[in-house]
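S.K.: The structure under discussion is supplied below as structure tokens; questions concerning it will follow.
The values are calculated or read from the model by the stated rules, or taken from the named source; none is laboratory data. Since we're looking at a predicted model, the values are computed, not measured. A quick note on method: Cβ atoms are made from the backbone with ideal geometry, for glycine too, and the neighbour counts reach across all protein chains shown.
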């Protein structure tokens, strides 16, 4: 290891560091555009390594809602209420998306600590608490004699309201306006689903809710590609 | 090397270190092994560069324990963020000057 502080010769750099384009070399080799591009690429890689990928999370929830709610809708359309197997499909979709979200978020943020990690953990627990509370309240409504139709409207509507508010909260916490926008859309979907009437409610949840998530996958992808080509320094 | 480019940041390996740390939010830290993996450097090489950045006041090194395992966390200081912003601004100026 060198100890000369004035002119580090970059010893044993490893292949990836020394052979990159835009390498800021001393003197004549300086390429400002290439160096800025290198900075952007490095920061993109750093974010990929430390932050959850919005495309994957939106995609997981979009698929879960589209598949789960379409299963409920198709069977409810024939018989008036969803078939048991459709209920299981729905439950498995939600459980799968939840598991994926937790595993993906923990994997990406492992090895970091500080404000973002604390806020992220609290945010994750709030989701869990909110849906646990919702389950208990729905149980109480069922015990009090609410009809299956009322239960379905309440379950879908309140779930959508929680998702909407949590996404808006997430947008505020993480300074992600697109996330807040999705939250606002989910509140709209809650209203649409509530007034659609059974079993159309399920179709609205699949198309407006699940479809909304899937649209965000495309939006994230476009923004990412644009950021790659134009660049731009992260909010600091 | 142009006079207005910070020599501490300008070295390729340290530029990658600083750029990576700047991508973290303020108030966030990253563990040494995670940073090493991200940068694909050897531990000794990364340590050397981190020491130079720490000596310049750009990087804060926090040694702690998680359970019984010693862990080192790294973050850019406010000075480091400012220096990196200045460095990028200087590059932008060079780019404009060249056009």
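Results for (1) at pLDDT below 90; (2) within 8 Å of chain B (Cβ to nearest Cβ); (3) part of a helix (DSSP H, G or I), shown as yes or no for each residue.
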residue	(1), (2), (3)
A:22	yes, no, no
A:33	yes, yes, yes
A:43	no, yes, yes
A:57	no, no, yes
A:62	no, no, yes
A:66	no, no, yes
A:72	no, no, yes
A:76	yes, no, yes
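S.K.: Quick one: would you say residue B:80 is surrounded by 22 or more Cβ atoms within 10 Å (Cβ to Cβ) and either more than 23 Å from residue A:34 (Cβ to Cβ) or more than 10 Å from chain A (Cβ to nearest Cβ) (or both)?
M.R.: Taking the combined requirement at face value, the residue satisfies it.
S.K.: Answer yes or no as to whether residue A:190 is closer than 22 Å to residue A:133 by Cα, over 14 Å from the mean Cα position of the chain (by Cα), at pLDDT 90 or above and crowded, with 17+ Cβ neighbours inside 10 Å.
M.R.: yes
S.K.: Right, next: Is one or more of the residues making up segment B:54-67 in a helix (DSSP H, G or I) and either within 7 Å of another protein chain (Cβ to nearest Cβ) or within 11 Å of the chain's Cα centre (by Cα) (or both)?
M.R.: Checking segment B:54-67: at least one residue is in a helix (DSSP H, G or I) and either within 7 Å of another protein chain (Cβ to nearest Cβ) or within 11 Å of the chain's Cα centre (by Cα) (or both).
S.K.: Give the residues of segment B:68-91 that are in contact (Cβ under 8 Å) with a residue 12 or more places away in the chain and in a helix (DSSP H, G or I), sorted by residue number. Outline the logic, then answer.
M.R.: Taking segment B:68-91 as the starting set, the residues that turn out to be in contact (Cβ under 8 Å) with a residue 12 or more places away in the chain are B:71-77, B:79-81, B:83-84, B:86-87, B:90-91.
Those that are in contact (Cβ under 8 Å) with a residue 12 or more places away in the chain and in a helix (DSSP H, G or I): B:79, B:80, B:81, B:83, B:84, B:86, B:87, B:90, B:91.
S.K.: Something else about it: Residue A:205 - would you say it is in a helix (DSSP H, G or I) and farther than 30 Å from residue B:24 by Cα? Please lay out each step first, then the result.
M.R.: Values: in a helix (DSSP H, G or I): yes; farther than 30 Å from residue B:24 by Cα: yes.
Yes, satisfied.
S.K.: Output the residues belonging to segment A:186-202 that are outside any helix (DSSP H, G or I) and free of Cβ contacts under 8 Å to residues at least 40 places away in the same chain.
M.R.: Selection gives A:197 alone.
S.K.: Give me the residue from segment A:79-95 that is in contact with a helix residue (DSSP H, G or I) (Cβ under 7 Å, 6 or more places away or on another chain) and touching a residue at least 40 places away in the same chain (Cβ under 8 Å) and, out of that set, nearest to residue A:69 (Cα to Cα).
M.R.: A:82
S.K.: Further question: In segment B:3-39, what residues are within 18 Å of residue A:36 (Cβ to Cβ), facing another protein chain (nearest Cβ under 7 Å) and not in a helix (DSSP H, G or I)?
M.R.: If the condition is that a residue be within 18 Å of residue A:36 (Cβ to Cβ), facing another protein chain (nearest Cβ under 7 Å) and not in a helix (DSSP H, G or I), then B:11 is the only one that fits.
S.K.: All but one of (1) more than 14 Å from chain B (Cβ to nearest Cβ); (2) surrounded by fewer than 20 Cβ atoms within 10 Å (Cβ to Cβ); (3) closer than 24 Å to residue A:227 by Cα hold for residue A:51; which doesn't?
M.R.: (1)
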